[in-house]
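Comments concern the structure below.
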Amino acid sequence: MSYGYPQYPQQQGYPPGQPQGYPGQYPQGYPQGYGFPPAERKHSGVGIASFVMSLLAGLGIFVLFAWAGYLQINDPAAVENEDDPRMMALGFGFVVCIFLVLVGIGLGIGGVLQGDKKKLFGILGLTFNGLIVLVTVGLIVLGLAVGG
């Protein structure tokens, strides 16, 4: 007697000869990981750090070159005096920025080589840090050639 409830057909089990109840095994015809979307890759934290370092170093070097130009125009004697505290601060600032660029290049290489992460920020950091090195060296060579 059904008491008003529909009668459903009895569930079919595994085909004969198939092991039942093994963990990690799927019934025949179902792909591995059925029902779960593939995991989305995240951006590399190392690549993001490289990109941020390139932005900070680029901004710092731009400010330091502007400050050096300002000192050259307004106080040429300070530029000639290596013991001037402003020139020492400029030199220290350049050393810090070049250190940031070199660390950023290393982090950019690490971000590009991470296989399970997105490589966008690693490539951007590596590119920007490389451009900073090329532009800085070019400006220094240009300044030495003109100032001769």
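Being under 24 Å from F62 (Cβ atoms) and not in a helix (DSSP H, G or I) is the filter here; which residues of the range 125-148 pass it?
Taking the range 125-148 first, the residues under 24 Å from F62 (Cβ atoms) are 125-147.
Selection gives nothing.
Could you give every pair whose Cβ atoms fall below 9 Å, whose first residue belongs to the range 121-148 and is under 14 Å from G110 (Cα atoms) and small (G, A, S), and whose second residue is open to solvent by 70 Å² or more (accessible area, probe 1.4 Å) and not in a helix (DSSP H, G or I), counting only separations of at least 6 or pairs across chains?
From the range 121-148, the pairs are G122/H43.
Can you work out which of the residues in the range 33-48 that are modelled with pLDDT of 70 or more and hydrophobic (A, V, I, L, M, F, W, C) is surrounded by the most Cβ atoms within 10 Å (Cβ to Cβ)?
Out of the qualifying residues, it is V46.
Could you please find all residues in the range 63-90 being open to solvent by 70 Å² or more (accessible area, probe 1.4 Å) and of a type in the set (D, E)?
E80, E82, D83
Consider G60 carefully, then state whether it is more than 20 Å from V133 (Cα to Cα) and open to solvent by less than 70 Å² (accessible area, probe 1.4 Å). Walk me through how you get there before you give the answer.
Working: more than 20 Å from V133 (Cα to Cα): no; open to solvent by less than 70 Å² (accessible area, probe 1.4 Å): yes.
So G60 fails the test.
Within the bounds of the range 118-129, is there any residue that is of a type in the set (S, T, N, Q) and buried (at least 19 other Cβ atoms within 10 Å of the Cβ)? Give the derivation first.
Initially, the range 118-129 is screened for residues of a type in the set (S, T, N, Q), giving 127, 129.
Cutting the leftovers down to buried (at least 19 other Cβ atoms within 10 Å of the Cβ) gives us 129.
Taking every residue of the range 118-129 in turn, at least one turns out to be of a type in the set (S, T, N, Q) and buried (at least 19 other Cβ atoms within 10 Å of the Cβ).
Okay, residues lined up against (1) more than 20 Å from F62 (Cβ to Cβ); (2) assigned to a helix (DSSP H, G or I):
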| residue | (1), (2) |
| --- | --- |
| V79 | no, yes |
| D83 | yes, no |
| M87 | no, yes |
| G93 | no, yes |
| V96 | no, yes |
| V103 | no, yes |
| V112 | yes, yes |
| I123 | yes, yes |
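The values are calculated or read from the model by the stated rules, or taken from the named source; none is laboratory data. Since we're looking at a predicted model, the values are computed, not measured. For neighbour counting, all protein chains shown are included, and Cβ atoms are generated from backbone atoms with ideal geometry for every residue, glycine included. The protein model used for the area step is the full one, side chains on, heavy atoms only, and it has no ligands, DNA or RNA in it. Shrake-Rupley method; radii C 1.70, N 1.55, O 1.52, S 1.80 Å.
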